[in-house]
Amino acid sequence: MEKQIHSYIDKKTEEIIINRLRTAGCVFAEDEARLLISEAQTLDKLTDMVEQRTTGLPLEHIVGWADFCGIRIEVEQGVFIPRRRTEFLVQQAASLTTSGSIIVDLCCGTGAVGAALAKVIGHIELYATDIDSASVKCARQNTTFFGGNVYKGDLYHPLPSALHNRVDILVANAPYVPTDSIELLPQEARKYENRVALDGGMGGLDVQKRVASEAPIWLAPGGYLLVETSQKQALQTAEILAQNGLIPKVTHCFELDATVVIGTQVSGVNTAYKALT
């Protein structure tokens, strides 16, 4: 059925929807109302979508996609929704990547980061992993057009061993929220996203430590590990990378409130810790 419902929704009905969303606490009620109207196929479907949104279900889970770096990324219910701040991770990785590079996206979620890098750079050899089955399904859908290879498993475990010392770019938007802070997250995250995609352990750095510890095995000489983290945790993340033989650099984007730590693999050199801010 063609999505033509928007052509016969009058302004009064639209205002009713906007008011319902605003009352439910939706900050961008007008934009959300327009999106729901454009995505609904029938009035019954629109009513159901509005009802779901007023109960707190994330908009992206309702419509089935998220806008990330100008790409429509398919999102299933329960799967981690790509955040706008993670576009900074893509920007930083893209600035270090050339056509034909081998890129591995760990904790890939929907595969948004890999898909965006493939779109920006063009030809890359893309691999991605995630421990969550629903995320792997989404990532395969989102990266198929770009020739992505998506594996289900824990971090590096499912990757082909042929990639040892050949990876040019490792990107990891690994969970970094401290366990005790999960309950402080917005309801949309803590209630509707898989906890494994959020919980970084007691200090928030457990998964980052595991990512960094094996990175030198996979990175090519001169390759890079890029880890999204919080500004508060940035120096700790940098130290973790340094402890594993990588030269760390801290980068921050104030517009997106995003922080990325970049670790460079230098073959045969015993690198000392030096966090560049």
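Is there a residue in segment 53-60 that is among the polar types (S, T, N, Q), closer than 22 Å to Glu193 by Cα, surrounded by fewer than 19 Cβ atoms within 10 Å (Cβ to Cβ) and touching a Lys or Arg at 6+ places or on another chain (Cβ under 7 Å)? Break it down into steps so the answer makes sense when it comes.
First, pick out the residues of segment 53-60 that are among the polar types (S, T, N, Q): 54-55.
Now restrict to residues that are closer than 22 Å to Glu193 by Cα: 54-55.
Add one more test, that the residue is surrounded by fewer than 19 Cβ atoms within 10 Å (Cβ to Cβ), and what stays is 54-55.
Now drop any that are not touching a Lys or Arg at 6+ places or on another chain (Cβ under 7 Å), which leaves 54.
So far as segment 53-60 goes, yes, one or more of its residues are among the polar types (S, T, N, Q), closer than 22 Å to Glu193 by Cα, surrounded by fewer than 19 Cβ atoms within 10 Å (Cβ to Cβ) and touching a Lys or Arg at 6+ places or on another chain (Cβ under 7 Å).
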Inset, instruction - State which residue is least open to solvent (accessible area, probe 1.4 Å) when the search covers only segment 139-162 and only residues that are out of contact with any Phe, Trp or Tyr (no Cβ under 9 Å at 6 or more places or on another chain) and of a type in the set (Ser, Thr, Tyr). - result: Thr143
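State the number of residues belonging to segment 6-30 that are outside any helix (DSSP H, G or I) and open to solvent by less than 30 Å² (accessible area, probe 1.4 Å).
The first filter runs over segment 6-30 and keeps only residues outside any helix (DSSP H, G or I), leaving 9-10, 24-28.
Checking the rest, the ones that are also open to solvent by less than 30 Å² (accessible area, probe 1.4 Å) come to 9, 26.
The number of residues fulfilling the criteria is 2.
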Inset, instruction - Would you check if Val79 is in contact with a His (Cβ under 9 Å, 6 or more places away or on another chain) and either open to solvent by less than 80 Å² (accessible area, probe 1.4 Å) or under 26 Å from Asp132 (Cα atoms) (or both)? - result: yes
Inset, instruction - Look at Ala116 and say whether it is among the hydrophobic types (A, V, I, L, M, F, W, C) and in contact (Cβ under 8 Å) with a residue 40 or more places away in the chain. - result: yes
Inset, instruction - Give the residues of segment 72-96 that are touching a residue at least 24 places away in the same chain (Cβ under 8 Å) and hydroxyl-bearing (Ser, Thr, Tyr), sorted by residue number. - result: Thr86
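How many residues are out of contact with any Cys (no Cβ under 8 Å at 6 or more places or on another chain), in a helix (DSSP H, G or I) and not basic (Lys, Arg) if we restrict to segment 188-201?
In the first step, residues of segment 188-201 are kept if they are out of contact with any Cys (no Cβ under 8 Å at 6 or more places or on another chain); the result is 188-196, 198-201.
Filter again for in a helix (DSSP H, G or I), leaving 188-192, 195-196.
Cutting the leftovers down to not basic (Lys, Arg) gives us 188-189, 192, 196.
Residues meeting the conditions: 4.
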Legend entry - Output for segment 96-116, where each listed residue is within 21 Å of Asn165 (Cα to Cα) and not β-branched (Val, Ile, Thr): Leu96, Ser99, Gly100, Ser101, Asp105, Leu106, Cys107, Cys108, Gly114
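In the list Thr86, Thr129, which residue meets the criterion of being closer than 22 Å to Leu59 by Cβ, under 13 Å from the mean Cα position of the chain (by Cα) and of a type in the set (S, T, N, Q)?
Details: Thr129 fails: closer than 22 Å to Leu59 by Cβ.
Residue meeting the stated conditions: Thr86.
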Inset, instruction - Read through the list (1) small (Gly, Ala, Ser); (2) open to solvent by 60 Å² or more (accessible area, probe 1.4 Å); (3) within 23 Å of Phe28 (Cβ to Cβ), then give the number of the only condition that Ala66 fails. - result: (2)
Legend entry - Test result for Ala33, crowded, with 18+ Cβ neighbours inside 10 Å, without any contact (Cβ under 8 Å) to a residue 24 or more places away in the chain and in a helix (DSSP H, G or I): yes
Inset, instruction - Could you tell me whether Lys209 is touching a strand residue (DSSP E or B) at 6+ places or on another chain (Cβ under 8 Å), open to solvent by 80 Å² or more (accessible area, probe 1.4 Å) and free of Cβ contacts under 8 Å to residues at least 60 places away in the same chain? - result: no
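If a residue counts only when it is closer than 15 Å to Val211 by Cβ, which helices (runs of 4 or more DSSP H) contained entirely in segment 75-187 have at least 2 such residues?
Details: elements: 87-94, 112-121, 133-143.
It comes to 87-94.
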Inset, instruction - Residue by residue through segment 79-101, note down the ones that are in contact with a Gly (Cβ under 8 Å, 6 or more places away or on another chain) and farther than 19 Å from Arg195 by Cα. - result: Ser99
Inset, instruction - Mind telling me which of the residues Val196, Val177 ends up being touching a Gly at 6+ places or on another chain (Cβ under 6 Å), open to solvent by 20 Å² or more (accessible area, probe 1.4 Å) and under 21 Å from Arg85 (Cβ atoms)? - result: Val177
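Based on this model, can you work out whether Val104 counts as of a type outside the set (S, T, N, Q), closer than 18 Å to Leu198 by Cβ and surrounded by 18 or more Cβ atoms within 10 Å (Cβ to Cβ)?
When the stated conditions are applied, Val104 does not pass them.
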Inset, instruction - Return yes or no: is Thr97 buried (at least 17 other Cβ atoms within 10 Å of the Cβ), modelled with pLDDT under 95 and within 24 Å of Ile262 (Cα to Cα)? - result: yes
Legend entry - In segment 132-179, the residues that are more than 17 Å from the chain's Cα centre (by Cα) and acidic (Asp, Glu): Asp168
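The values are calculated or read from the model by the stated rules, or taken from the named source; none is laboratory data. Keep in mind that what you see is a predicted model, and the values were worked out from it rather than measured. In this analysis, Cβ positions are derived from the backbone assuming ideal geometry, glycine residues included, and neighbour counts consider all displayed protein chains. To get the accessible areas, we keep the full protein, side chains included, count just its heavy atoms, and leave off ligands, DNA and RNA. Shrake-Rupley method; radii C 1.70, N 1.55, O 1.52, S 1.80 Å.
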